[in-house]
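What follows is one structure encoded as structure tokens, with my remarks underneath.
The values are calculated or read from the model by the stated rules, or taken from the named source; none is laboratory data. Note that the structure is predicted; figures quoted are calculated from it, not measured. So basically every Cβ, Gly included, is an ideal-geometry build from the backbone, and we count neighbours across all protein chains shown. Areas reflect the complete protein model, heavy atoms only, side chains present, ligands, DNA and RNA absent. Shrake-Rupley method; radii C 1.70, N 1.55, O 1.52, S 1.80 Å.
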Amino acid sequence: MNIFRLAGDMTHLCSIVVLLLKINATKSCAGLSLKTQELYLAVFLTRYLDLLYSYISLYNTCMKLIFIGSSSCIIWYMREHKVVSQTYDSAQDTFRVVFLVGPCFVLAVLVNHEFTLTEVLWTFSIYLEAVAILPQLVLLQRTKNIDTLTGNYVFLLGGYRAFYLLNWVYRILTESGYRQWIVWVSGTIQTAIYCDFFYYYIMSWRRNERLSLPA
């Protein structure tokens, strides 16, 4: 593992910690998209099926279990917690995720490294992660004014993917024969989706203003 991969993992972990702290401290999930959280859980469950039959390292196993467990916890808060669930705005969180899940699954069946169940599901998770943030970004555009912790959460998520881009560049330069076109293309698209958010996040920080996204 190189420093960029580790930084990406830690940034991803920090984004989850920030989100859980927000929910626990404020007893509110206002401004959060349940649809995005459910898509991320689908990503982790389909990607980490190897937990059932292989072992890479303690670090690898722990991180996978943390991502699955934390996503499940966030969804439980938003769906079942007697206080937090009351703050979820389903009227605003209306992105039709079938238009993300369906095409990603079809693409995974058609374009993959090996046509096996676990490989197709792993590839599906790569494609789905690239677009899973879209319901959250659309919700933020609708609510306009975004609280600091929610903005930090999304920024850290985008930062995690940016570090992974650097990780891939590093591996290309240091590992002969390293090629992962599906991961590279999907990750690049995912990072590009965040670019507009990054711009407004940085501008609001420089101006010391509350973050808001144009409709």
### Query
Any idea what the relative contact order of the range 1-79 is, in percent, if you count C-alpha pairs under 8 Å spaced at least 6 apart?
38 percent
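May I ask you to give the percent of accessible area on the chain that is carbon plus sulfur, with a probe radius of 1.4 Å?
Details: 7350 of 11340 Å².
Roughly 65 percent of what the probe reaches on the chain is carbon or sulfur.
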### Query
For the range 11-43 and the range 163-195, what is the separation of their C-alpha centers, rounded to whole Å?
25 Å
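If you wrap a convex hull around the alpha carbons of the chain, what volume per residue comes out, as a whole number of Å³? Mind dumping the intermediate values first?
Details: hull volume 28.5 nm³, N = 215.
Cα convex hull per residue, to the nearest whole number: 133 Å³.
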### Task
Please give every one of the lysines within straight-line cross-link reach of Lys82, meaning a C-alpha to C-alpha distance under 21 Å, and leave out same-chain neighbours fewer than 8 residues apart.
Lys22, Lys27, Lys35
### Task
Would you calculate the separation in nanometres between label points at Ile56 and Leu20, each defined as 7 Å from the Cα along the Cα-to-beta-carbon direction?
2.1 nm
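In the range 45-152, which GluC sites (Glu not before Pro) are in a loop and have at most 16 other Cβ atoms within 10 Å, using DSSP for the loop call?
On the way: sites: Glu80, Glu114, Glu119, Glu129; in loops: Glu114.
When the GluC sites (Glu not before Pro) of the range 45-152 are filtered for loop state and at most 16 Cβ neighbours within 10 Å, Glu114 remain.
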### Message
Can you give me the solvent accessible area of Ser54 with a 1.4 Å probe, rounded to the nearest 10 Å²?
### Response
50 Å²
### Message
Could you work out how much longer the chain between Thr118 and Asp196 gets when fully extended? Use 0.36 nm per residue separation minus the Cα distance between them, nm to one decimal.
### Response
24.7 nm
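What number, in percent, do you get for the relative contact order of the chain if the mean sequence gap of Cα pairs under 8 Å and at least 6 apart is divided by its residue count? Before the final figure, lay out the partial values.
Values: 234 pairs, mean separation 68.4, N = 215.
Reported relative contact order: 32 percent.
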#### Entry: Debye, to nearest 20: dipole size of the chain, +1 on Lys, Arg Cβ, -1 on Asp, Glu Cβ
500 debye
### Message
Could you check the spin-label model distance between Ile66 and Arg96? Points 7 Å from the Cα along Cα→Cβ, value in nm.
### Response
3.8 nm
### Query
Against the longest principal axis of the chain, how steep is helix 3-26, in degrees 0 to 90 to the nearest 10, with axes from Cα atoms?
30 degrees
## Note on the structure
Rounded to the nearest 10, the angle in degrees between the Cα long axis of helix 34-47 and the longest principal axis of the Cα atoms of the chain comes to 20 degrees
## Note on the structure
Sorted by accessible surface (1.4 Å probe, heavy atoms of the protein chains only), largest first, Lys35, Lys27, Lys64 come out as Lys27, Lys35, Lys64
#### Entry: Separation of the Ile189 and Trp76 label points, Cα + 7 Å toward Cβ, nm
3.3 nm
### Query
Which three extents, in whole angstrom, do the alpha-carbon atoms of the range 1-80 cover along their principal axes, largest first?
37, 27, 17
### Query
If R0 is 45 Å, what FRET efficiency do you get for Thr174 and Lys27 from their C-beta distance, rounded to 0.05?
0.45
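Considering only protein heavy atoms, what per residue accessible area in square angstrom results for the range 1-157 with a 1.4 angstrom probe? Before the final figure, lay out each step's value.
On the way: 7670 Å² over 157 residues.
Counting only protein heavy atoms, the per-residue value for the range 1-157 is 49 Å².
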### Query
Gaussian network model of the chain, Cα springs within a sub-10 Å range: biggest mean-square fluctuation belongs to which of Tyr200, Tyr153, Tyr59?
Tyr59
## Note on the structure
To the nearest 10 degrees, the tilt of helix 58-80 (Cα long axis) against the first principal axis of the alpha carbons of the chain is 30 degrees
